[in-house]
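Read through the structure below, which is laid out as structure tokens, and then see the notes.
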Amino acid sequence: MTPDSLRAALGGVPDPEWLDTALRRITTEPTAITRLFPAAGRRCGRAALPDAPGWTADDAARVLLLTSLPGEHATYAERLYQHGDAAERRAVLRALPLLPIGADGVPLLHDAIRTNDTRLVAAALGPYARHLDQAAWRQAVLKCVFSGVPLANVADLDTRADGELTAMLAALAAERHAAGRELPADANDLLHRLTAALPREA
């Protein structure tokens, strides 16, 4: 999603004037975001957005607030994440790929992946996860399997999956099979796809 598409999807929020005013204010008074960001859930609602599947109004509004900052995006993203509740942290994670911060937000991904909050784990593995190194990314994918986060949330899964991830999934599948359990269906499907793509021995 782009800021423009999120803004269009927010056309029916309960208090559109509040959002318009907040977005304008942040461009000239960036520090105001520390007060406006938490208020977005109350002023814009938390309903799912029909025109932005997978997004809620508070998520989209908070992402727009962050993208409207005139600068210091990484500093504010870290501050809002560290002081935010779970919904605010998720919005920061979802905003990262839309911010001009390079890899400066990677520490926030590492923090989110360490939590047991599946909403944060899922948000951390969106498009911005391209900045994770391969070892950390593989561990994050396994965290999804262990915690029940659907692998559909993992951006670039098929293009980034490699032989080492295949081996890790195969070992986990064998361990679970020995215990009379199975991998989640999406992880099992991924393992089959990866295994089928391996070169055949002569």
Exercise for review: Taking only segment 78-115 into account, find how many residues are more than 24 Å from VAL149 (Cα to Cα) and under 14 Å from the mean Cα position of the chain (by Cα).
Suggested key: 1
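Do the conditions hold for ARG176, that is, is it free of Cβ contacts under 8 Å to residues at least 60 places away in the same chain and closer than 30 Å to PRO38 by Cβ?
Spelling it out, it is not the case that ARG176 is free of Cβ contacts under 8 Å to residues at least 60 places away in the same chain and closer than 30 Å to PRO38 by Cβ.
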Check your understanding: Given the conditions (1) in contact with a helix residue (DSSP H, G or I) (Cβ under 8 Å, 6 or more places away or on another chain); (2) open to solvent by 10 Å² or more (accessible area, probe 1.4 Å); (3) not hydroxyl-bearing (Ser, Thr, Tyr), and given that ARG114 satisfies all but one, which numbered condition is not satisfied?
Key -> (1)
Practice item. Could you please tell me which pairs satisfy a Cβ distance under 7 Å, a separation of 6+ or placement on different chains, a first residue in segment 38-53 that is more than 19 Å from ARG89 (Cβ to Cβ), and a second residue that is part of a helix (DSSP H, G or I) and open to solvent by 60 Å² or more (accessible area, probe 1.4 Å)? Key: ASP51/ALA8
Practice item. For residues that are part of a helix (DSSP H, G or I) and open to solvent by 50 Å² or more (accessible area, probe 1.4 Å), tally how many sit in segment 13-60. Key: 14
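Residue-by-condition table, conditions (1) under 13 Å from LEU190 (Cβ atoms); (2) open to solvent by 40 Å² or more (accessible area, probe 1.4 Å); (3) within 15 Å of the chain's Cα centre (by Cα):
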site	(1), (2), (3)
HIS131	no, yes, yes
GLN134	no, yes, no
ALA140	no, no, yes
CYS144	yes, no, yes
ALA155	no, no, yes
ALA161	yes, no, no
GLU164	no, yes, no
LEU169	yes, no, no
Point to revise | Selection within segment 74-111 - open to solvent by 50 Å² or more (accessible area, probe 1.4 Å) and aliphatic (A, V, I, L, M) | key: LEU98, ALA103
Practice item. Give me the pairs, please: first residue somewhere in segment 96-118 and at positive phi, second residue anywhere and small (Gly, Ala, Ser) and crowded, with 16+ Cβ neighbours inside 10 Å, beta-carbon distance under 9 Å, and either six or more positions apart or on two chains. Key: GLY102/ALA74
Check your understanding: Are there any pairs with C-beta distances below 7 angstrom linking a residue in segment 72-94 that is over 20 Å from ALA60 (Cβ atoms) to a residue that is at pLDDT 95 or above and surrounded by 15 or more Cβ atoms within 10 Å (Cβ to Cβ), with the two at least 6 apart or on different chains, and if so which?
Key -> GLU72/PRO30; ALA74/ILE101; ALA74/ASP104; ALA74/GLY105; GLU78/LEU108
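The values are calculated or read from the model by the stated rules, or taken from the named source; none is laboratory data. Quick caveat, the model's predicted, so the values are computed rather than measured. Please note: Cβ atoms are built from the backbone with ideal geometry, for glycine as well, and neighbour counts cover all protein chains shown. Protein only, heavy atoms only, side chains kept; ligands, DNA and RNA dropped before computing areas. Shrake-Rupley method; radii C 1.70, N 1.55, O 1.52, S 1.80 Å.
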